[in-house]
Amino acid sequence: MTSRMSRRRLLGHSAGLALGSAHLGRLRAQPVGDERFLVVLTAHGGASITDSFLAVSRQECAAAGGDPSRLVAFDQHPGVVPSGNRYALVRPVPGTPFRATAWRGSVNFGQEIEKAVDLYPFVQKHHRDMLVLTQTVSSVNHDTGQARSVTGAGAFRGRSIQEEMAVRYGASRVLPNVLLTTGSGFVRRGRDVSLDPRFVGEIVPDPLSWPIALGSEGLPLSRDLIRRARSIRDELLEPETSFARTFANSRERERWLRTRQTRQADLESAEVTRKLLLGGTVLGAAPEASRLREVFPTMEEDPVEAQAAMAFLLLKNRFSSSVTLGPNATGITVGSPNDQDFLRQLSLSFDYSHTDHFSGQLWMWDRVLLLADRLIDLLKAEPLDSEGQESMWDRTVMYFATEFGRQRGRPPNALEFTSGHALNNGVLMMSPLLRGNQVVGGVDPARIETYGPDSQSHYSEVHAYATLLGALDVDTSGSGLPDMSALVRG
Amino acid sequence: MFRDSRPSWIKGRLTAVVAVVLAVGCSAEADLSQSGGTGRSVPGDEADLGPVDAAQPGDQTALVSELKSKSGRRYVNSLAAALDLPAQTLCRELGELDCLDVHGISLQEVEPRFLRVQSPINGLVTGAVALDRIAILSCDRHVRNQGGPPTDDTFQRREAIDSWARRLLRRDATELEQEKLEALYEELQGESDETQWSTAVCFIFATLTESFLY
């Protein structure tokens, strides 16, 4: 089966055709009723689903004929605050198909840094919007796996999910596709060379200073004089230079001129800088900055917190349709070693599992879920429109992109061990637009391996990609993508 | 010696292409000594490029236009050399941040250590804004530090415009540039001081595409 064009999409398509003749390549308004937002949260390094929401207890593993001492099976959670300095526990979350793991351990960072993690409160709070899709992916190479996780392994035109989102909803946005995290395959450009450059991801090196590069604020010339000088340069002088005539066919020169005349002008007229400043500069701050600093109090030192705050502002101000944020391979510390939560992000992120499996997985699951929780709360508190019937979260899809899972073996009963990359895994996506509180597929407790719609078949990257496009109401007719519409709310 | 095993028809075409390139090159050189010219045909047995307007060598449209943008650091270095200022302190954003720290990635710099950006990223929209900001901040610094050239009368302003063009573009200003920038001066009379005009002229020359594409 392949996906079909929905009625709403068809109407939107017709309207788009009608608008086409009047569309001059500049921004046009997106009807509020048609809005969607995409948040890609990068779980860099291989976030294992069997160490989080599909974890297996020792008892379950043994009952199914497996050897829990040699597999990554968890002890049963006692239901009360666990005792001991080292543990790895799992418990079911009532009313949900999910499990929640808890872990306590330490990481050596010059000195032992202790941490205790429990995923239970997150699942309890958000299970209605959580959908886990099991999958067996096609690469255990980080960069390749990351790119495939956002392109469905090149399933549809070679575009990333962020690019598809930007094409579908980004025509009215000044920065349709913003990549707040850097240095991974999750933010690599897709393979569609025909993609309009407006929809290619805009990289943000530092969310705190980036807004400066979006306008003319803080310069020693008045905005009016800059505007006049640009006008003389672009309209009167540039076309008449000998250089311009000599290199009239240069695509690079044409790209610069087009960017100046359209996108730069759009950014400045939308006053993007003023609305995105998170504070800390002489230019002041956006109206929401103080609230965001309460939610993300260490954003000055923790760039991923700053990314989350910026992601919210980009979506709230309707500057973007798609935002990508989250850990890359860089470790992050905040404050001094004796401070609570000093070691904020492990070096290599989830891939720290090569050094110690449980700390790599549970430390980082806690990290990304905490970010997600705060961002979801912000979006829930933001009305979609003046009627206030829906929140922005009601139209948001959050995708926890990861490249692969981890190997399930361990030395007998070890709590500290290393794990390699594994194709078998599953992904988490969250949205009121999805039929949540659902696991698609299951886990074989004897091997702690996931399976797809039945025990003999597996979903792959393409199924996650098709599910996301379906929730985002992207037209996939003729694509040959699998029909995952059963997972999308009508 | 390597044996040339290419088919004879390829050898023939290559000979023709080489002949065309040499002919264009020689003609362009010859044109340097001419004050004008008429359309001409480029000879060749298989390819005739048709009439080429060649009033000035620079007026010919290049057959190959594979231009590249200077990276942020190269651009800052070239500005620093043109403005007689040290590159390290040439440009500070909001008076405190190094411009390349803020805008480097937008202008194809890499930062492998923390951002893990290991190869230049071209085509970011922020690159256009970043270039303008670096130019304005650098020009302002030069004008504040060293003062712009004198602009008391038309002659001095004409000299000033030429001097900015020579600094930043290694050429004299064209008549059109003289005319439009003089007009800007007239427009600004009473609105802002002359240093603003100097900074604006510097900014315009520093951000013409010929200043950062190569």
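Which of (1) open to solvent by 10 Å² or more (accessible area, probe 1.4 Å); (2) more than 19 Å from A:Arg189 (Cβ to Cβ); (3) within 19 Å of the chain's Cα centre (by Cα) is the odd one out, the single condition B:Leu131 does not satisfy?
Of the numbered conditions (1) open to solvent by 10 Å² or more (accessible area, probe 1.4 Å); (2) more than 19 Å from A:Arg189 (Cβ to Cβ); (3) within 19 Å of the chain's Cα centre (by Cα), the odd one out for B:Leu131 is (1).
(1) more than 7 Å from chain A (Cβ to nearest Cβ); (2) under 20 Å from A:Ala229 (Cβ atoms); (3) modelled with pLDDT under 95: which one isn't true of B:His142, the others all being true?
(3)
List, please: which pairs have Cβ atoms under 7 Å, are six or more places apart or on different chains, and start with a residue in the stretch B:163-180 that is more than 8 Å from chain A (Cβ to nearest Cβ) and in a loop (DSSP other than H, G, I, E, B) and end with one that is open to solvent by 70 Å² or more (accessible area, probe 1.4 Å) and modelled with pLDDT of 95 or more?
B:Asp172/B:Arg166
Applying the selection to the stretch B:85-100, what residues are more than 7 Å from chain A (Cβ to nearest Cβ) and either in contact with a helix residue (DSSP H, G or I) (Cβ under 9 Å, 6 or more places away or on another chain) or buried (at least 16 other Cβ atoms within 10 Å of the Cβ) (or both)?
Those that are more than 7 Å from chain A (Cβ to nearest Cβ) and either in contact with a helix residue (DSSP H, G or I) (Cβ under 9 Å, 6 or more places away or on another chain) or buried (at least 16 other Cβ atoms within 10 Å of the Cβ) (or both): B:Leu85, B:Pro86, B:Ala87, B:Gln88, B:Thr89, B:Leu90, B:Cys91, B:Arg92, B:Asp98, B:Cys99, B:Leu100.
Which of the residues that make up the stretch A:315-328 are open to solvent by 10 Å² or more (accessible area, probe 1.4 Å) and small (Gly, Ala, Ser)?
Residues satisfying the conditions do not exist here.
For the stretch A:279-299, what are the residues that are within 14 Å of chain B (Cβ to nearest Cβ) and either open to solvent by 40 Å² or more (accessible area, probe 1.4 Å) or of a type outside the set (Gly, Ala, Ser) (or both)?
Matches in the stretch A:279-299: A:Gly280, A:Thr281, A:Val282, A:Leu283, A:Ala285.
Output the number of the condition that A:Gly436 fails; it satisfies all remaining conditions of (1) open to solvent by 20 Å² or more (accessible area, probe 1.4 Å); (2) under 26 Å from A:Ser321 (Cβ atoms); (3) in contact with a helix residue (DSSP H, G or I) (Cβ under 7 Å, 6 or more places away or on another chain).
(1)
Could you go through the stretch A:307-329 and let me know if any residue there is within 10 Å of chain B (Cβ to nearest Cβ) and either among the hydrophobic types (A, V, I, L, M, F, W, C) or outside any helix (DSSP H, G or I) (or both). Explain how you work it out, then say what you get.
Filtering the stretch A:307-329 for residues within 10 Å of chain B (Cβ to nearest Cβ) gives A:328-329.
Then drop every residue that is not either among the hydrophobic types (A, V, I, L, M, F, W, C) or outside any helix (DSSP H, G or I) (or both), which leaves A:328-329.
Yes, the stretch A:307-329 contains a residue that is within 10 Å of chain B (Cβ to nearest Cβ) and either among the hydrophobic types (A, V, I, L, M, F, W, C) or outside any helix (DSSP H, G or I) (or both).
Just to be sure before I move on: is A:Asn108 closer than 30 Å to A:Ser419 by Cβ, modelled with pLDDT under 95, surrounded by fewer than 14 Cβ atoms within 10 Å (Cβ to Cβ) and out of contact with any strand residue (DSSP E or B) (no Cβ under 7 Å at 6 or more places or on another chain) in the structure I sent?
yes
Going through B:Glu179, B:Glu210, B:Glu187, B:Glu194 one at a time, which residue ends up being over 13 Å from the mean Cα position of the chain (by Cα), charged (D, E, K, R) and within 22 Å of B:Asp84 (Cβ to Cβ)?
Checking each option against the conditions leaves just B:Glu194.
Give A:Arg159, A:Arg227, A:Arg233 a once-over and let me know the one that is in contact (Cβ under 8 Å) with a residue 24 or more places away in the chain and out of contact with any strand residue (DSSP E or B) (no Cβ under 7 Å at 6 or more places or on another chain).
A:Arg159
Within the stretch A:265-275, can one find any residue that is more than 11 Å from chain B (Cβ to nearest Cβ), more than 30 Å from B:Thr174 (Cα to Cα) and of a type in the set (A, V, I, L, M, F, W, C)?
Step one: list which residues in the stretch A:265-275 are more than 11 Å from chain B (Cβ to nearest Cβ), which gives A:269-271, A:274-275.
Within this subset, residues satisfying the condition of being more than 30 Å from B:Thr174 (Cα to Cα) are A:269-271, A:274-275.
Within this subset, residues satisfying the condition of being of a type in the set (A, V, I, L, M, F, W, C) are A:270.
Looking through the stretch A:265-275, at least one residue is more than 11 Å from chain B (Cβ to nearest Cβ), more than 30 Å from B:Thr174 (Cα to Cα) and of a type in the set (A, V, I, L, M, F, W, C).
With the condition kept exactly as written, say whether any residue in the stretch A:123-132 is farther than 19 Å from A:Ala47 by Cα, open to solvent by 20 Å² or more (accessible area, probe 1.4 Å) and not charged (D, E, K, R).
yes
List every residue pair whose Cβ atoms sit under 7 Å apart, with the two residues 6 or more apart in sequence or on different chains, where the first one lies in the stretch B:105-134 and is at the interface with chain A (Cβ under 8 Å from one of its Cβ atoms) and the second, anywhere, is of a type in the set (D, E, K, R).
Hits for this filter: B:Ile105/B:Glu111; B:Val117/B:Glu111; B:Gly123/A:Arg255; B:Leu124/A:Glu202; B:Val125/A:Glu202; B:Val125/A:Arg263; B:Thr126/A:Glu202; B:Ala128/A:Arg260.
The values are calculated or read from the model by the stated rules, or taken from the named source; none is laboratory data. Quick caveat, the model's predicted, so the values are computed rather than measured. Cβ sites come from the backbone with ideal geometry, for glycine too, and all protein chains shown count toward neighbours. Just the protein is used for accessible areas: all its heavy atoms, side chains included, with ligands, DNA and RNA removed. Shrake-Rupley method; radii C 1.70, N 1.55, O 1.52, S 1.80 Å.
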